Amino acid sequence: MTIPPTIHQLDPKNWVKAYADYLYMYAITRINDEEQAQDLVQETFLAGLQAMSRFAGKSSERTWLTAILKNKIIDVYRKKSSGLRTQELTHAEGEVVDFFDAGDGHWTEQHAPQPFGLEHYDPLEGKEFNSILKMCMEKLPALWLSVFTMKHLDEEPTEAVCAELKISASNYWVIIHRAKLNLRACLQKNWI
């Protein structure tokens with residue numbers, strides 16, 4: 001005998017109390033703008049109210065609202081990155097070669113990664129590291145930040161990132177590589 005899946009019901013009267021803080025933290029870690037994160041959470045609740053009839057009940061309210069918020073964040077990424085692609089990609093493609101030996105593809109000696117000194121986790125150092133990482137991420141160009149966040153915070157597959165941001169796979173790899181190089185340089189300067 002199979003047990004039917006649990007159907008979740010929506011309770012919009014409790015959304016703010018139950019999910020606002022969680023959704024805000026989700027948004028702020030991806031947007032880095034407090035006011036915009038708050039607006040996105042409000043827009044998520046409004047969109048949820050408008051889409052209640054389409055809620056199938058196969059996920060929890062929180063998961064459903066998070067999916068709505070995630071789509072709104074992707075819209076922000078698209079808006080921030082539009083018009084920046086050509087200039088950023090041309091600039092990035094020209095600089096990537098300098099970090100690697102053309103013959104074997106390995107790091108050049110002067111650009112080789114340095115140890116971060118994070119062999120032993122310390123909560124206080126972790127908090128400091130996270131604030132420095134956030135500061136470094138804020139310095140990335142909008143498109144690079146969008147690609148990096150979708151790939152490494154949201155754990156989106158490469159194909160989804162390319163489709164959502166309307167970039168080619170080769171552009172994706174240049175952007176993600178360049179974003180990592182910039183983050184590494186910033187972390188080495190400010191953390192080590």
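The values are calculated or read from the model by the stated rules, or taken from the named source; none is laboratory data. Note that the structure is a prediction, hence the values are computed from the model and not measured. Ideal geometry is used to build each Cβ from the backbone, glycine not excepted, and the neighbour counts take in all protein chains shown.
The residue that is farthest from LYS70 (Cα to Cα), among those in the stretch 132-176 that are surrounded by fewer than 18 Cβ atoms within 10 Å (Cβ to Cβ) and of a type in the set (S, T, N, Q), is SER170. Among the residues of the stretch 79-98, those that are surrounded by 14 or more Cβ atoms within 10 Å (Cβ to Cβ) and at pLDDT 65 or above comprise LYS80, SER81. Among the residues making up the stretch 17-42, those that are surrounded by fewer than 15 Cβ atoms within 10 Å (Cβ to Cβ) and of a type outside the set (S, T, N, Q) are LYS17, ALA18, ASP21, TYR22, MET25, ASP33, GLU34, GLU35.
Please find, among LEU140, LEU145, the residue that is within 16 Å of ARG184 (Cβ to Cβ), assigned to a helix (DSSP H, G or I), modelled with pLDDT of 80 or more and of a type outside the set (Gly, Ala, Ser). Working first, answer last.
Working: LEU140 fails: assigned to a helix (DSSP H, G or I).
Result of the check over LEU140, LEU145: LEU145.
Among the conditions (1) in a helix (DSSP H, G or I); (2) at pLDDT below 85, ILE74 misses just one, which is (2).
Can you find a residue that is more than 22 Å from VAL76 (Cα to Cα), in a loop (DSSP other than H, G, I, E, B), at pLDDT below 65 and not polar (S, T, N, Q) anywhere in the stretch 122-135? Break it down into steps so the answer makes sense when it comes.
Restricting attention to the stretch 122-135, the residues satisfying the condition of being more than 22 Å from VAL76 (Cα to Cα) are 122-132.
Within this subset, residues satisfying the condition of being in a loop (DSSP other than H, G, I, E, B) are 122.
Filter once more, so that each one left must be at pLDDT below 65: 122.
Keeping just the survivors that are not polar (S, T, N, Q) gives 122.
Checked the stretch 122-135: at least one residue is more than 22 Å from VAL76 (Cα to Cα), in a loop (DSSP other than H, G, I, E, B), at pLDDT below 65 and not polar (S, T, N, Q).
Return the residues of the stretch 138-183 that are among the charged types (D, E, K, R) and out of contact with any helix residue (DSSP H, G or I) (no Cβ under 9 Å at 6 or more places or on another chain); say none if nothing qualifies. I'd like the intermediate steps shown before the answer.
Keep residues of the stretch 138-183 that are among the charged types (D, E, K, R), which gives 138-139, 151, 154-156, 159, 164, 166, 178, 180.
GLU155, the sole residue that qualifies.
For the stretch 43-63, the candidate set comprises residues that are hydrophobic (A, V, I, L, M, F, W, C) and free of Cβ contacts under 8 Å to residues at least 40 places away in the same chain; within that set, the residue that is surrounded by the fewest Cβ atoms within 10 Å (Cβ to Cβ) is ALA56.
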